[in-house]
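Q: Please read through the structure below; I'll follow up with questions.
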Amino acid sequence: MTLRNEFVLYPAIDILDGKAVRLVRGDYNDKTTYADNPAEAALQWAGQGASYIHVVDLDGAKEGSPKNRPVIEEIVKRVAVPVQVGGGIRSGETLEALFSLGVSRCILGTAAIETPEFVQHALAEYGERIAIGIDAKNGWVAVNGWLETSSVSAIELGRQLQDWGATRVIFTDIARDGTLTGPNLAASIELAEQTGLMVIVSGGVKETDDLLELARFRQAGIAGAIVGKALYAGNIDLREALNRVKQAIEPQSVDGIEDPTSKATEGGGASC
Ligand code: AMZ
């Protein structure tokens, strides 16, 4: 059981060839371009109240090193809220370079399978500034732009990560990513419960009610959600979603008086 009580909505900006795109189930051949300048999208989400932005360098994930660094730099320089970045981070030099650009949190995916020592060192050195991306195809961890599937299960990797001192993972159910079919709540809760990790849920979010449902499980370790297609397609109005989630997770008040019995537990870090 996690000691935290956190629930953060992360608008997603996936970059391919310098543009903000959405893929369907991670398929590089099935893309829709939403912004020629990803920084403009980041500014839009931050302007609507996002407290954190999620950025993926899709070229980087496929090729094994960041390929859209100038775009990432522009996003980080222009938005006032923290930015987490993943895609192609496979070495300490890359981590240092991204942190020195002003990236708040780096996401490691493939490296957790292919170079575990590097991930252990990164967790020891940077602690909570590292999140691990667990991207699962039918429960098995996918790597290298999701073009390959490993023989490690999501739960097995989660247990390993917990041993290594990881705090947060971003769990993507690849089959749902970009499909607006609803998040995989059961698998996300199972991962959180079996590992004690804070789990940010990714893939399939289609409407604000999905977010409210996920937020109900924050004490079980569901620490937020990545929202991509639903924002770009207009299914979710970010400002409204943030308000509704905030209302749902904040302590209830009766006639303006806070009910102490409904106060958030340890940390009280509920935010969105
Ligand atoms: O959509 C894809 N094909 C895809 C994607 N979104 N492939 C990788 N990624 C993301 C992961 C994680 O955030 O969800 O890239 C990051 C992992 O990159 P790497 O290079 O560390 O495996």
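Rule-based calculations on the coordinates, nothing more; no lab input. Predicted model, so just to flag it, every value in this text is computed and none were measured. Neighbour counts run over all protein chains shown; Cβ positions are idealised from the backbone, glycine included.
Q: Can you name the residue in region 101-128 that is more than 9 Å from the ligand (Cβ to nearest atom) and of a type in the set (A, V, I, L, M) and, of all such residues, is farthest from Ser151 (Cα to Cα)?
A: Leu101
Q: When region 194-212 is examined, which residues are found to be crowded, with 17+ Cβ neighbours inside 10 Å and part of a helix (DSSP H, G or I)?
A: Scanning region 194-212 gives Thr195, Thr208, Asp210, Leu211.
Q: May I pose another question? If Gly60 satisfies every condition in (1) among the small types (Gly, Ala, Ser); (2) assigned to a helix (DSSP H, G or I); (3) on the phi > 0 side of the Ramachandran plot but one, which is the exception?
A: Status for Gly60: all satisfied but (3).
Q: Considering only region 153-182, how many residues are surrounded by 23 or more Cβ atoms within 10 Å (Cβ to Cβ) and polar (S, T, N, Q)?
A: Of the residues in that region, 1 qualify.
Q: Going residue by residue through region 215-238, is there one that turns out to be small (Gly, Ala, Ser), within 22 Å of Leu108 (Cβ to Cβ) and without any contact (Cβ under 8 Å) to a residue 40 or more places away in the chain?
A: We begin by selecting, within region 215-238, every residue small (Gly, Ala, Ser); these are 215, 220-221, 223-225, 228, 230, 233-234.
Among the residues that remain, those that are also within 22 Å of Leu108 (Cβ to Cβ) are: 221, 223-225, 228.
With the extra rule that they be without any contact (Cβ under 8 Å) to a residue 40 or more places away in the chain, the set shrinks to none.
No, that holds for no residue.
Q: Could you pull out every one of the strands (runs of 3 or more DSSP E) wholly within region 101-187 that has 2 or more residues that are of a type outside the set (S, T, N, Q) and within 28 Å of Lys77 (Cβ to Cβ)?
A: Answer list for region 101-187: 105-108, 130-137, 168-173.
Q: Give me the residue from region 44-69 that is more than 16 Å from the ligand (Cβ to nearest atom) and without any contact (Cβ under 8 Å) to a residue 24 or more places away in the chain and, out of that set, nearest to Gly234 (Cα to Cα).
A: Result: Gln44.
Q: Quick one: would you say Arg90 is under 24 Å from Val201 (Cβ atoms), among the charged types (D, E, K, R) and within 15 Å of the ligand (Cβ to nearest atom)?
A: Details: under 24 Å from Val201 (Cβ atoms): no; among the charged types (D, E, K, R): yes; within 15 Å of the ligand (Cβ to nearest atom): yes.
For Arg90, the condition - under 24 Å from Val201 (Cβ atoms), among the charged types (D, E, K, R) and within 15 Å of the ligand (Cβ to nearest atom) - is not met.
Q: Within region 85-100, which residues are out of contact with any Phe, Trp or Tyr (no Cβ under 8 Å at 6 or more places or on another chain), in contact (Cβ under 8 Å) with a residue 12 or more places away in the chain and assigned to a helix (DSSP H, G or I)?
A: Thr94, Ala97, Leu98
Q: Report, by residue number, each residue of region 216-231 that is buried (at least 21 other Cβ atoms within 10 Å of the Cβ) and either polar (S, T, N, Q) or in contact with a strand residue (DSSP E or B) (Cβ under 8 Å, 6 or more places away or on another chain) (or both).
A: Selection gives Gly221, Ile222, Ala223, Gly224, Ala225, Ile226, Val227, Gly228, Lys229, Leu231.
Q: Could you identify the single residue in Asn37, Asn29 that is more than 14 Å from the ligand (Cβ to nearest atom), surrounded by fewer than 16 Cβ atoms within 10 Å (Cβ to Cβ) and not acidic (Asp, Glu)?
A: Selected residue: Asn37, the only one of Asn37, Asn29 that is more than 14 Å from the ligand (Cβ to nearest atom), surrounded by fewer than 16 Cβ atoms within 10 Å (Cβ to Cβ) and not acidic (Asp, Glu).
Q: Further question on the same structure: Which of the residues that make up region 135-152 are small (Gly, Ala, Ser) and either buried (at least 21 other Cβ atoms within 10 Å of the Cβ) or under 26 Å from Lys67 (Cβ atoms) (or both)?
A: Ala136, Ala142, Gly145, Ser150
Q: Continuing with the same structure: Just checking, does region 132-151 include any residue being within 16 Å of the ligand (Cβ to nearest atom), among the aromatic types (Phe, Trp, Tyr), out of contact with any Gly (no Cβ under 6 Å at 6 or more places or on another chain) and more than 24 Å from Leu23 (Cβ to Cβ)?
A: Checking region 132-151: not a single residue is within 16 Å of the ligand (Cβ to nearest atom), among the aromatic types (Phe, Trp, Tyr), out of contact with any Gly (no Cβ under 6 Å at 6 or more places or on another chain) and more than 24 Å from Leu23 (Cβ to Cβ).
Q: Now for a separate question. Restricting attention to region 182-200, which residues are over 21 Å from Gly145 (Cβ atoms) and within 16 Å of the ligand (Cβ to nearest atom)?
A: Once the filter is applied, which keeps residues that are over 21 Å from Gly145 (Cβ atoms) and within 16 Å of the ligand (Cβ to nearest atom), region 182-200 yields Pro183, Ala187, Ser188, Leu191, Leu197, Met198, Val199.
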